[in-house]
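Everything below concerns the one structure shown next.
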Amino acid sequence: MSEFLVFFLHGLAYAGLLFLVSAGLTLVFGMMNVLNFAHAAMYMLGAYFSYTIVMQLTGQFWMSLMICPVILFVIGAVVERFLLRRVHRYGHVQELLLTFGLAYIITELVKWYWGNYPLAINVTGFLNGTVSIFGIIYPMYRIFIFVCAILVGGVMALVLYKTRLGIILRAAVNDSEMTNTLGVNVPLVFMGVFAFGAALSGFAGVIAGPLLSTFPGMAQEILLDAFVVIVVGGFGSLGGAILASLIIGELQSFGVLLFPKLSMALVYLLMAAVLIIKPSGLFGEES
Amino acid sequence: MLEVKGVHSYYGKSHILHGVSLELKEGELVCLLGRNGVGKSTTLKSIMGVVRPAAGSVRFRGQELCGKEPYKIARLGLGYVPEDRRIFRSLTVHENLLMGIKSGRQSAEGEAWSVEKVYRLFPRLEERKNNKGGHLSGGEQQMLTVVRTLMGNPRLILVDEPTEGLAPLIVKDVLEMLITVRQSGVTVLMVEQNFNAAIKVADRFYIMSKGAIVFSGNREELMAAEEVRKNYLEV
Ligand SMILES: Nc1ncnc2c1ncn2[C@@H]1O[C@H](COP(=O)(O)OP(=O)(O)OP(=O)(O)O)[C@@H](O)[C@H]1O
Ligand SMILES: [Mg+2]
């Protein structure tokens with residue numbers, strides 16, 4: 001029983017991380033129709049910047065939690081404004097190639113600057129502690145991840161469904177050209193959303209650092225799962241990303257417990273099943 | 001008010017508009033006619049900046065529109081109602097209307113459009129204000145697309161085939177709505193395949209063929225130009 005609970009909590013923590021990574025990815029895709037291959041590379045940048053800030057400069061994890069998203073926001077804004085926007089008129093394949101190349105460049109830069117080996121990021125104090133839940137001792141940090149995901153998801157939902165900006169964002173997901181002709185500065189919205197997506201992935205990277213190891217292959221590792229999340233949840237749907245993150249997170253976790261050899265296969269089986277039954281994903285709009 | 005001169009537009013390499021020129025005066029309701037695929041929609045898109053003209057000029061109240069982003073053109077007082085009723089499907093009717101509002105724009109004259117006014121004039125939309133746009137009937141969607149654009153209080157609206165695919169009774173409603181809109185002081189440039197509908201509501205007509213204007217005239221002139229109608233319109 002307590003083993004079950006531990007794996008359930010592990011699943012929640014990984015679901016939280018997955019959500020933080022895929023929320024930005026799905027939002028950018030929903031709006032700009034660009035599958036951003038560089039998204040996970042930005043997540044990795046978040047983790048590496050965090051390493052430098054925490055382990056080499058300040059020793060403060062909180063510091064990197066606040067600074068890294070800002071750095072990534074700026075990087076995202078620059079990438080959108082000066083690269084993606086110029087390529088946009090040539091079509092989606094070119095946009096895809098651009099983000100692909102960007103992911104490659106970032107990975108090589110990371111190897112060159114930080115080295116091609118794993119780095120450890122340590123958290124101290126409160127986050128390094130444990131909590132007791134129904135009689136089991138559980139690491140505080142994993143709970144913290146899940147709480148962060150809930151907070152981010154909550155704020156995003158509030159903005160999307162309770163503000164004028166949210167109406168504009170959802171309209172742009174539906175039909176960005178129409179939104180533009182109604183007087184909304186859609187290019188600016190795109191830049192903001194792309195930058196926000198990058199910031200969110202940077203935030204996720206900071207959070208992933210102490211949990212998983214920080215190494216140049218970490219982008220690849222999460223990218224696959226994040227893709228599965230947005231396919232299963234439905235491209236562009238925040239609610240879908242939440243539900244699919246939970247499903248994939250738990251599936252991964254219990255897969256390891258129950259079918260150790262099949263845990264990855266389970267995820268792809270699920271994706272295949274969803275694609276067969278509802279190709280647009282759980283929360284996707286039929287079109 | 002609107003002066004389109006020698007506009008050339010392309011989709012990729014295909015040359016669609018070959019020097020389109022037309023003019024609208026304040027308060028007119030003008031109809032653009034022509035067979036399928038001659039470039040009527042492309043003309044409206046070129047005015048609105050959705051398609052960027054490669055050459056020519058589009059002037060609106062003295063300002064050049066060519067090369068501007070659609071949102072800037074919209075903020076100058078143009079409204080665009082595209083074909084295929086592009087409502088925001090996952091937004092409610094109410095949210096669709098809110099999307100039409102442009103901050104700080106007043107109507108040319110008279111009472112500005114507001115959500116309340118829309119609901120007063122079209123009670124059917126108020127009944128369905130919390131429904132998702134995608135769940136409306138074709139006629140309701142068409143009304144919503146038009147009034148959503150009106151919410152921005154445009155001085156000129158470009159309307160692309162508003163009656164396409166609607167039942168005859170609803171066609172009448174939509175046309176009446178456009179007449180109301182025009183009476184409120186908004187200038188209208190409309191693309192319409194339905195000749196019988198067009199002839200009833202418009203003051204002047206342009207006919208397009210192969211990416212250029214081939215006829216321009218008022219109702220009497222169009223009725224008299226039998227040859228033109230035979231050659232360029234479905235009869
Ligand atoms: N996005 C596009 N890409 C490539 N070609 C296009 C595109 N949109 C339209 N065309 C082509 O441009 C030509 C003019 O199209 P347009 O939509 O302006 O015609 P139309 O007069 O509005 O016709 P309809 O009455 O069918 O709406 C057509 O030959 C069409 O196939
Ligand atoms: Mg058309």
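Is there a residue in the stretch B:143-161 that is surrounded by 18 or more Cβ atoms within 10 Å (Cβ to Cβ), small (Gly, Ala, Ser) and part of a helix (DSSP H, G or I)?
Narrowing the stretch B:143-161 to residues surrounded by 18 or more Cβ atoms within 10 Å (Cβ to Cβ): B:143-161.
Then drop every residue that is not small (Gly, Ala, Ser), which leaves B:152.
Subset that is part of a helix (DSSP H, G or I): none.
No, the stretch B:143-161 contains no residue that is surrounded by 18 or more Cβ atoms within 10 Å (Cβ to Cβ), small (Gly, Ala, Ser) and part of a helix (DSSP H, G or I).
Spot the failing condition for residue B:219; the list is (1) touching a residue at least 60 places away in the same chain (Cβ under 8 Å); (2) touching a helix residue (DSSP H, G or I) at 6+ places or on another chain (Cβ under 7 Å); (3) charged (D, E, K, R); (4) more than 16 Å from ligand 2 (Cβ to nearest atom), and only one is missed.
Just one mismatch for residue B:219, condition (1).
Any idea which residue in the stretch B:150-198 is nearest to the other protein chains (Cβ to nearest Cβ), counting only those that are acidic (Asp, Glu) and within 13 Å of ligand 1 (Cβ to nearest atom)?
Only one residue fits best here, namely B:160.
So, of the residues in the stretch B:76-85 that are among the charged types (D, E, K, R) and surrounded by fewer than 20 Cβ atoms within 10 Å (Cβ to Cβ), which turns out to be farthest from ligand 2 (Cβ to nearest atom)?
Here the answer is B:84.
When you check residue B:126 against the structure, is it within 13 Å of another protein chain (Cβ to nearest Cβ) and out of contact with any Ser or Thr (no Cβ under 9 Å at 6 or more places or on another chain), yes or no?
no
Considering (1) buried (at least 20 other Cβ atoms within 10 Å of the Cβ); (2) free of Cβ contacts under 8 Å to residues at least 12 places away in the same chain; (3) at negative phi, say which one residue A:228 fails and leave the rest.
Unmet condition: (2).
Tell me which of these residue B:86 doesn't satisfy, since it passes every other one: (1) closer than 21 Å to residue B:51 by Cα; (2) away from ligand 1 (no atom under 16 Å from the Cβ); (3) part of a loop (DSSP other than H, G, I, E, B); (4) charged (D, E, K, R).
Failed condition: (2).
Going through the stretch B:10-49 one residue at a time, which ones are more than 10 Å from ligand 2 (Cβ to nearest atom), under 14 Å from the mean Cα position of the chain (by Cα) and farther than 20 Å from residue B:199 by Cβ?
B:46, B:47, B:48, B:49
Taking residue B:102, is it facing another protein chain (nearest Cβ under 10 Å), within 17 Å of residue B:146 (Cα to Cα), within 16 Å of ligand 2 (Cβ to nearest atom) and not aliphatic (A, V, I, L, M)?
For residue B:102, the condition - facing another protein chain (nearest Cβ under 10 Å), within 17 Å of residue B:146 (Cα to Cα), within 16 Å of ligand 2 (Cβ to nearest atom) and not aliphatic (A, V, I, L, M) - is not met.
Please report, ordered by residue number, the helices (runs of 4 or more DSSP H) entirely within the stretch A:102-183 with at least 1 residues that are over 29 Å from residue A:242 (Cβ atoms) and among the polar types (S, T, N, Q).
The qualifying helices (runs of 4 or more DSSP H) are A:176-181.
Tell me, which residue of the stretch A:225-243 that is more than 12 Å from the chain's Cα centre (by Cα) and of a type outside the set (A, V, I, L, M, F, W, C) is nearest to residue A:29 (Cα to Cα)?
A:236
Can you pull out every residue in the stretch B:202-235 that is more than 20 Å from residue B:45 (Cβ to Cβ) and assigned to a loop (DSSP other than H, G, I, E, B)?
Listed by number, the residues that qualify are B:202, B:203, B:225, B:233, B:234, B:235.
Residues are listed down the side, and each one gets a yes or a no for (1) assigned to a loop (DSSP other than H, G, I, E, B); (2) within 14 Å of chain A (Cβ to nearest Cβ):
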residue	(1), (2)
B:37	yes, no
B:47	no, yes
B:51	yes, yes
B:73	no, yes
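Since every read-out is calculated from the coordinates, none of them should be taken as a lab result. Model, not experiment: these values are computed from the prediction. Note that each Cβ is placed from the backbone with ideal geometry, even for glycine, and that neighbours are counted across all protein chains shown.
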